[in-house]
Amino acid sequence: MSSTTTGTDAWRGIAAEEVEQMTAGLAAVLRTRARRLLIRLLRPQRARVLGTLLLIVAANLAALAGPWLVGVAIDRGIPPLLHGGHLGPLVLSVAGFVAAVLLQAVTTRAFIFEMGRIGETFVIELRRLLFAHFQRLPVAFHEHYTSGRVISRQVSDIDSISDLFNDGLDALVSAVLSLVLVGIGMLLLDWPLALVVLAGFGPLAWLTFWFRRESAVAYRRTRETIAQVIVHFVETFGGIRAVQAFRREGRNEEIFADLNGQYAQASKRSSRLLAVYSPGITLVGNVATGVVLCYGGLRVLDGDIKVGVLATFLLYLGRFFDPLQDLSQFYNSFQSAAAALEKISGVLDEPPAV
């Protein structure tokens, strides 16, 4: 009996491992297919995409120059005034700061506008491709791929991708570039203080890896459940005569309530993940700021660094951790759009009849 049980458990372990490998392989295929579709639709706009990236880099460099000029004004502009000197260094620092702010405002407006144009062109072309491909697919496909799922691809999934371009993609790209540029700026400004900040990347990396892994599953589940809700809704009212003829109202309400509850649970899971990730980033950022303030203050007292350098570093810290908050806020939109693009790419890979 014991050997039989052991053999059964072994077979279960092998089966679970095979299922896990198949699931991982399927997920890799879906990501590759979605990435191929993304490149295909963005290729005609590559010049505009490159120009937008340059605008984002310019905006982040201007944002990086602001805190540095504040430090320069503190260390080189104010001391001459205390000793009866001239206003030249302070005026130059203030003028440079104003120029950096104006440049940041202009380039930010420009890249948000260009990102919107890229998104609208992308969504229009994707919707056109999907509609044309649905028409070319055989009747056998439409018999098993119900009208509710067709509507979900054309409406819900397309809207998720559109929302990403309109509400979050510019912030996501800007946040990533801001992290890189501010990190380099801190290392160039004072590498011992920068190492104190980068030490917090250990827990941040673990927290981000955990959130990315769990939220990918959660947001994909959210898209699947809302698609099921739409499918049931469309099919119920598309066949309302049959529903009323066979008195299916009560049963359909039970099914819809169950599907709606599954969607609510999936959404709640996504919200819980975000409720852990975002405060975790805030906690790590506040601890890093406190440590930098104490360590930097001691170095200022010892004369190792100037007050302006510490002030610049503290301003950089805000620009370093704030983008992580932006990433956490828009990550759900990114995951939702990624899951939607995977589903749409699957439909577009179906062989047409004609």
The farthest towards the positive end of the charge dipole of region 215-354, of the residues G308, A257, L293, given +1 on Cβ of Lys and Arg and -1 on Cβ of Asp and Glu, is A257
Over all directions, region 155-309 yields a Cα convex hull whose mean projected area in nm² is 11.7
Tilt, helix 2-42 to longest principal axis of the chain (alpha-carbon atoms), in degrees rounded to tens, equals 70
Here the relative contact order (percent) of the chain, from C-alpha pairs under 8 Å and at least 6 apart, is 29
Square roots of five times the C-alpha gyration tensor eigenvalues of region 189-241, ordered largest first and given in whole Å, equal 49, 9, 4
Rounded to two decimals, the Debye log10 I(q)/I(0) of region 213-279 (Cα scatterers, no solvent) at q = 0.17 Å⁻¹ is -0.64
extent check for region 41-109: Cα max minus min per principal axis, descending, whole Å, gives 62, 15, 12
Note to self, the chain gives a 222 nm [θ] from helices alone (DSSP H runs n ≥ 4, -39500 (n - 2.57) apiece, / all residues, nearest 500) of -31000 deg cm²/dmol
With x for Gly and Pro, the residue-by-residue ³J(HN,Hα) of region 155-165, computed from phi through the Karplus equation 6.51 cos²θ - 1.76 cosθ + 1.60 at θ = phi - 60° and given in whole Hz, is 10, 5, 5, 4, 5, 4, 5, 4, 4, 4, 5
quick shape note, region 77-143: Cα extents on principal axes in Å, largest first -> 88, 15, 8
Relative contact order in percent for region 134-254 (Cα pairs under 8 Å, 6+ apart) equals 49
Relative to the chain, whose Cα atoms define the longest principal axis, helix 169-189 and its Cα axis are tilted in degrees, nearest 10, by 30
Checking rank on 333-342, 279-288, 172-181, with mean other Cβ inside 10 Å and highest first, the result is 333-342, 172-181, 279-288
Expressed in Å to one decimal, the Kirkwood Rh of the chain from all distinct alpha-carbon pairs is 24.5
Computed about the Cα centre, the charge dipole of the chain from +1 Lys/Arg and -1 Asp/Glu charges at the Cβ has a magnitude in debye, to the nearest 20, of 660
Residue by residue through region 302-310, the couplings from Karplus 6.51 cos²θ - 1.76 cosθ + 1.60 with θ = phi - 60°, in Hz, x for Gly and Pro, are 7, x, 6, 9, 8, 5, x, 5, 5
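In cubic angstrom, how much convex hull volume per residue do the alpha carbon atoms of region 89-202 span?
Here the figure is 146 Å³ per residue.
Keeping the other protein chains in place, figure out the carbon and sulfur percent of the accessible area of region 233-325, with a 1.4 Å probe.
Values: 3360 of 5570 Å².
That fraction is 60 percent.
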To the nearest 20 debye, region 217-309 has a Cα-centred charge dipole, built from +1 on Lys and Arg Cβ and -1 on Asp and Glu Cβ, of 160
Most fluctuating of Q228, Q244, Q135 in the GNM of the chain (C-alpha, under 10 Å) is Q244
Given a 1.4 Å probe, the accessible area of the chain per residue, as a whole number of Å², is 56
Taking Cα atoms only, helix 88-136 is inclined relative to the longest principal axis of the chain by an angle, in degrees rounded to 10, of 10
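The values are calculated or read from the model by the stated rules, or taken from the named source; none is laboratory data. Not measured: the values here are computed from a predicted model. Neighbour counts run over all protein chains shown; Cβ positions are idealised from the backbone, glycine included. Surface accessibility is based on the protein's heavy atoms, side chains included, excluding ligands, DNA and RNA. Shrake-Rupley method; radii C 1.70, N 1.55, O 1.52, S 1.80 Å.
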